[in-house]
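J.: So that we are looking at the same thing, I have put the structure below in C-alpha cells.
The values are calculated or read from the model by the stated rules, or taken from the named source; none is laboratory data. From a predicted model like this one, the values you see are computed outputs, not experimental measurements. In this analysis, Cβ positions are derived from the backbone assuming ideal geometry, glycine residues included, and neighbour counts consider all displayed protein chains.
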Amino acid sequence: MRRPLPCQTLWLLGMALLILALVASNLGAMRLSIAVLWQVHDEALRHIWLNIRLPRVLLAALVGGALALSGCVMQGLFRNPLADPGLLGISSGAALAVGLSVVLPLALPAVLALYAPMLAAFLGSLAVTLVIFFLSRQGNNSLSRLLLVGIAINALCGAAVGVLSWVSNDAQLRQLSLWGMGSLGQAQWSTLLATASFILPASLGITFLASRLNLLQLGDEEAHYLGVDVRRTQRRLLILSALLVAAAVAVSGVIGFIGLVIPHLVRMWLGADHRWLIPGSVLAGAMLLLVADTLARTMVAPAEMPVGLLTSLLGGPWFLALIFRQRRETDG
Amino acid sequence: MKRWLAVLLMLPAFVNATERVVTIGGDITEIAFALGSGEQLVARDSTSLHPAAATKLPDVGYMRQLNAEGILAMRPDLVLVSAQAKPSLALEQVAASNVEVVTVPADNSLSGIEGKITAVAKALGKTTQGEALRKEVSNKLAAIPERQLPVKVMFIMSHGGMAAMSAGQQTAADAAIRAAGLQNAMQGFNRYQPLSQEGVIASQPALILVTEDGVKTLGGENSIWALPGLAQTPAGENHQLLVVDDMALLGFGLQTPDAVLALRKKAERLP
C-alpha cells in the first residue's frame, strides 16, 4: 500500500497547527485581532490578548497533544485499540480528589485556594499513577493485571464521586458536574508553564522510546529477543503517559474522545510506525482541541461552552464517517 | 488610518462616559434595575431573567462557569458579582485587567436582601436610592407576620429527566418556608432528596409548594396529586397547592418579600 511520505505529512500537520493557532488567537468574545493590537497602542487590550487569550490557545494545543499522545502510547502498550487515557483510572482518581476538595473545603491560604481543584486533581492522578507504578514493578503478566486494576480503580472512584455528589449541596454538585465536562478556563501563564513542565519532558521521553514501542508490537518474547528490555520499557512508557494524563486532567478536567480517537485517525493516515504515529498524534490532538476550544469560546460568546462536550460532538461523526468509508473501500 | 481606528475603538467609551456595568447574579441584576441603573448595564449572567429588560442584555454565561474574556469583551468599568459566582480565577483575571470587581454577599435569608441592596447601591454610587429601596423592602418584611403558624409545607422540585424531589434543610426553599413563619414538612435531612412514598405520608404536609417549571415538567396540576404518597396527605385530600415563581421565592431578591407574604397568606387561608 502506498502512503504519502510521513515526513511530509508531519510538516503539513505542523503548518496546519500553526495556522490554526494564529486564527484561534485572533478569535474570541472580544473583537481583538493581532492586526488591531499592532495598530492601536492600548495597554488594556494588549493585556487581555497576552494574558488571557494567548495562554489559552497554547494550553489547548498542549493539553490536546498530551491527551492524544498518551492515548497513542496506551494503545501501543496494551496492543488494544480500545485503550485510552481513562483506562488506568487516572482521570477518575483526579475526579475523586477534586470531588473531595469541593465537598470538604479545607482552610487553604488564599493563593492556594484559587488553584485548589487543580492541585487536588494533580495529587489524585499522581496517587493513581504511583499505584500503577508499584503494581507494574511486581508480578509476571503485569500488563493484563494492570488493566483489571484500572477497571477496579475506575469503578471505585466513580462510586466515591457518586457518594460525594450525593452528600454535596447544590453549588458543589454543579461545580463537580461542570468539572467533569472539561474546560480550559484555567489558562494563565503560571498554569500553562506548570503544565508544560510536566508534559514537554514526558513527551520527549516517549519520543525516544518510539522504536522500542514498535518492537513491542511484535509481542513480548520477540521484542525480548530483538534486544528490548521489555519490562523496563513498558514501565517507563506507562509512567510517562500517566504523567501526561495527570498534568492534562489537573488543568482542564475530563476531556474525552481525543485520547481514544486521534491515534486511530493518525494510524489510518500515517500507518502504524510509532516513530511517525507519535508526533502525528500530538499534532492532530493539538489541532482538534484547539478547534474545539475556539468554538467553545466563540459560539455562544460572551458566554462559553464546556469544551469536553464539543470534542466528542466534533470528532464523533467524523470518526464514524471514516470507519464506514474505510469499510467500503476494503469491501470492494 | 491608525488614528481613525483608535477613535473608532474608543467610541463606545465616549457614548457611555458614565459607567458600563456587568451584573452577575439574578438578585443583583434585579436590584441594579430597581435602583435605576438599567441604562448602565451592558451585560448580565444567565440567571438574570428579571425584569424583562434584563433578558435583552448580552448573556456572559452561567454564574458558576464564568470566563474572563467574555466579561471583558463587554468593556465594563464595574462588575457586580454574587459571592456564589465561580470560578474565582476568571474574576481575578477580570480584576487584573483594571476592571473594578465588587462582590455582593449572597446568603439565603430575608435579612440578607437589605445587605445586597446596600452593597449594590454603594458600588453604583446610588446610596440615596439604595436607602429608599432598602426601606421599602424593610417595610414589606415587617408586613410578614412573625407569629409561627403550625402549618406544614412541602416544597417539590422537579426538573426534566429527574425524579421529583422535596426540599430538606439547608435549602433556599426551607429558608423561605421558615421566613413565612411556617414549618417545612420534610424534617431530618439536608438538601433535596427524591420523594419516598412513606416519607411523604409520614410528613403530612397541609400545603404543597411547587415552581411554575415544576408544574410544567410534571405535566399539570393533576399529575402532582398522583406523585407517590401525596394523595394520603392533608394537602392531597384538599388539593392545596401553591405555584410559585422560583426566582421570586428562592432567589432572595426584591420579589422575595412579596412571595413569602403570599405563601403566608395562602397558609392562613387553609381550611
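J.: So, residue A:162, is that one at pLDDT 80 or above and touching a Leu at 6+ places or on another chain (Cβ under 8 Å) or not?
T.: It is false that residue A:162 is at pLDDT 80 or above and touching a Leu at 6+ places or on another chain (Cβ under 8 Å).
J.: With the structure loaded, tell me whether residue B:120 is assigned to a helix (DSSP H, G or I), in contact (Cβ under 8 Å) with a residue 24 or more places away in the chain and more than 11 Å from every other protein chain (Cβ to nearest Cβ) or whether it fails that test.
T.: Criteria met by residue B:120.
J.: Residues that are of a type in the set (D, E, K, R) and closer than 26 Å to residue A:318 by Cα: does the range A:256-269 have at least one?
T.: Pass one, the range A:256-269, residues of a type in the set (D, E, K, R): A:267.
Of the ones still in play, those that are also closer than 26 Å to residue A:318 by Cα are A:267.
Yes, the range A:256-269 has at least one match.
J.: Quick check on residue A:177: is it of a type outside the set (A, V, I, L, M) and either touching a Leu at 6+ places or on another chain (Cβ under 6 Å) or modelled with pLDDT under 80 (or both)? Reasoning before the result, please.
T.: Working: of a type outside the set (A, V, I, L, M): yes; either touching a Leu at 6+ places or on another chain (Cβ under 6 Å) or modelled with pLDDT under 80 (or both): no.
Here the answer is no, as residue A:177 does not meet what is asked.
J.: Among the residues of the range B:66-117, count how many are more than 7 Å from every other protein chain (Cβ to nearest Cβ), under 30 Å from residue A:294 (Cα atoms) and assigned to a loop (DSSP other than H, G, I, E, B).
T.: Residues that pass the stated criteria total 7.
J.: Checking residue A:184 against (1) over 21 Å from residue A:88 (Cα atoms); (2) part of a helix (DSSP H, G or I); (3) in contact with a helix residue (DSSP H, G or I) (Cβ under 6 Å, 6 or more places away or on another chain), which test does it fail?
T.: Status for residue A:184: all satisfied but (2).
J.: Quick check on this structure: which one of A:34, A:132 is β-branched (Val, Ile, Thr), surrounded by fewer than 17 Cβ atoms within 10 Å (Cβ to Cβ) and more than 19 Å from residue A:194 (Cβ to Cβ)? Talk me through it step by step, then tell me what you get.
T.: Values: A:132 fails: surrounded by fewer than 17 Cβ atoms within 10 Å (Cβ to Cβ).
Only one candidate qualifies: A:34.
J.: While we're here: Could you run through the range A:45-60 and say how many residues are modelled with pLDDT under 90, surrounded by 17 or more Cβ atoms within 10 Å (Cβ to Cβ) and of a type in the set (A, V, I, L, M, F, W, C)?
T.: 4
J.: Another question about this same structure. Report the residue count in the range A:1-48 for those that are away from chain B (no Cβ under 14 Å), over 21 Å from residue A:298 (Cβ atoms) and assigned to a helix (DSSP H, G or I).
T.: 10
J.: Quick one: which of B:220, B:199, B:251 is at pLDDT below 85 and within 24 Å of residue A:170 (Cβ to Cβ)?
T.: B:251
J.: A further question follows. Taking residue A:204 as the residue in question, decide whether it is within 16 Å of the chain's Cα centre (by Cα), surrounded by fewer than 16 Cβ atoms within 10 Å (Cβ to Cβ), part of a helix (DSSP H, G or I) and not β-branched (Val, Ile, Thr). Full working, then the answer.
T.: Details: within 16 Å of the chain's Cα centre (by Cα): yes; surrounded by fewer than 16 Cβ atoms within 10 Å (Cβ to Cβ): yes; part of a helix (DSSP H, G or I): yes; not β-branched (Val, Ile, Thr): yes.
Considered against the rule, which asks whether it is within 16 Å of the chain's Cα centre (by Cα), surrounded by fewer than 16 Cβ atoms within 10 Å (Cβ to Cβ), part of a helix (DSSP H, G or I) and not β-branched (Val, Ile, Thr), residue A:204 comes out as yes.
J.: Going through the range B:32-77 one residue at a time, which ones are among the hydrophobic types (A, V, I, L, M, F, W, C), touching a residue at least 40 places away in the same chain (Cβ under 8 Å) and over 21 Å from residue B:113 (Cα atoms)?
T.: Within the range B:32-77, the subset among the hydrophobic types (A, V, I, L, M, F, W, C) is B:32-35, B:41-43, B:49, B:52-54, B:57, B:60, B:63, B:66, B:68, B:71-74.
Checking the rest, the ones that are also touching a residue at least 40 places away in the same chain (Cβ under 8 Å) come to B:32, B:34-35, B:49, B:66, B:71, B:74.
Hits for the range B:32-77 are B:66, B:71, B:74.
J.: Return the residue satisfying two criteria in turn: it lies in the range B:163-190 and is within 12 Å of another protein chain (Cβ to nearest Cβ) and assigned to a loop (DSSP other than H, G, I, E, B), and of such residues it is modelled with the highest pLDDT.
T.: Restricting to residues being within 12 Å of another protein chain (Cβ to nearest Cβ) and assigned to a loop (DSSP other than H, G, I, E, B), the top hit is B:168.
J.: Further question on the same structure: Has the range A:256-273 got at least one residue that is without any contact (Cβ under 8 Å) to a residue 24 or more places away in the chain, surrounded by fewer than 23 Cβ atoms within 10 Å (Cβ to Cβ) and either under 30 Å from residue B:87 (Cα atoms) or away from every other protein chain (no Cβ under 14 Å) (or both)?
T.: Within the range A:256-273, the subset without any contact (Cβ under 8 Å) to a residue 24 or more places away in the chain is A:267.
Imposing the further condition that a residue be surrounded by fewer than 23 Cβ atoms within 10 Å (Cβ to Cβ) reduces the set to A:267.
Keeping just the survivors that are either under 30 Å from residue B:87 (Cα atoms) or away from every other protein chain (no Cβ under 14 Å) (or both) gives A:267.
Looking for residues that are without any contact (Cβ under 8 Å) to a residue 24 or more places away in the chain, surrounded by fewer than 23 Cβ atoms within 10 Å (Cβ to Cβ) and either under 30 Å from residue B:87 (Cα atoms) or away from every other protein chain (no Cβ under 14 Å) (or both), one finds at least one in the range A:256-273, hence yes.
J.: Related question: In this structure, is residue A:192 buried (at least 19 other Cβ atoms within 10 Å of the Cβ) and either part of a helix (DSSP H, G or I) or among the aliphatic types (A, V, I, L, M) (or both)?
T.: Taking the combined requirement at face value, the residue satisfies it.
J.: Listed residues B:259, B:267, B:235; which is farther than 30 Å from residue B:34 by Cβ and not hydroxyl-bearing (Ser, Thr, Tyr)? Even if it seems obvious, please write down each step before you answer.
T.: Working: B:259 fails: farther than 30 Å from residue B:34 by Cβ; B:267 fails: farther than 30 Å from residue B:34 by Cβ.
Just one listed residue meets the conditions, B:235.
Conditions (1) at negative phi; (2) within 18 Å of the chain's Cα centre (by Cα); (3) crowded, with 21+ Cβ neighbours inside 10 Å, marked per residue:
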| position | (1), (2), (3) |
| --- | --- |
| B:56 | yes, no, no |
| B:61 | no, yes, yes |
| B:81 | yes, yes, yes |
| B:89 | yes, no, no |
| B:108 | yes, yes, no |
| B:120 | yes, yes, yes |
| B:136 | yes, no, no |
| B:150 | yes, no, no |
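J.: Quick one: which residue in A:226, A:184 is within 14 Å of chain B (Cβ to nearest Cβ), hydrophobic (A, V, I, L, M, F, W, C) and either surrounded by fewer than 19 Cβ atoms within 10 Å (Cβ to Cβ) or within 24 Å of the chain's Cα centre (by Cα) (or both)?
T.: The unique qualifying residue is A:184.
J.: Go through the range B:212-271 and give me each residue that's among the polar types (S, T, N, Q) and closer than 16 Å to residue B:173 by Cβ.
T.: Passing the criteria: B:255, B:256.
For (1) part of a helix (DSSP H, G or I); (2) touching a residue at least 60 places away in the same chain (Cβ under 8 Å); (3) closer than 20 Å to residue B:187 by Cα, each residue gets a yes or a no:
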| residue | (1), (2), (3) |
| --- | --- |
| B:199 | yes, no, yes |
| B:208 | no, no, yes |
| B:217 | yes, no, no |
| B:222 | yes, no, no |
| B:247 | yes, yes, no |
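J.: Out of everything in the range A:97-123 that is assigned to a loop (DSSP other than H, G, I, E, B) and either more than 17 Å from residue A:164 (Cα to Cα) or within 18 Å of the chain's Cα centre (by Cα) (or both), what residue ends up being modelled with the lowest pLDDT?
T.: That would be A:107.
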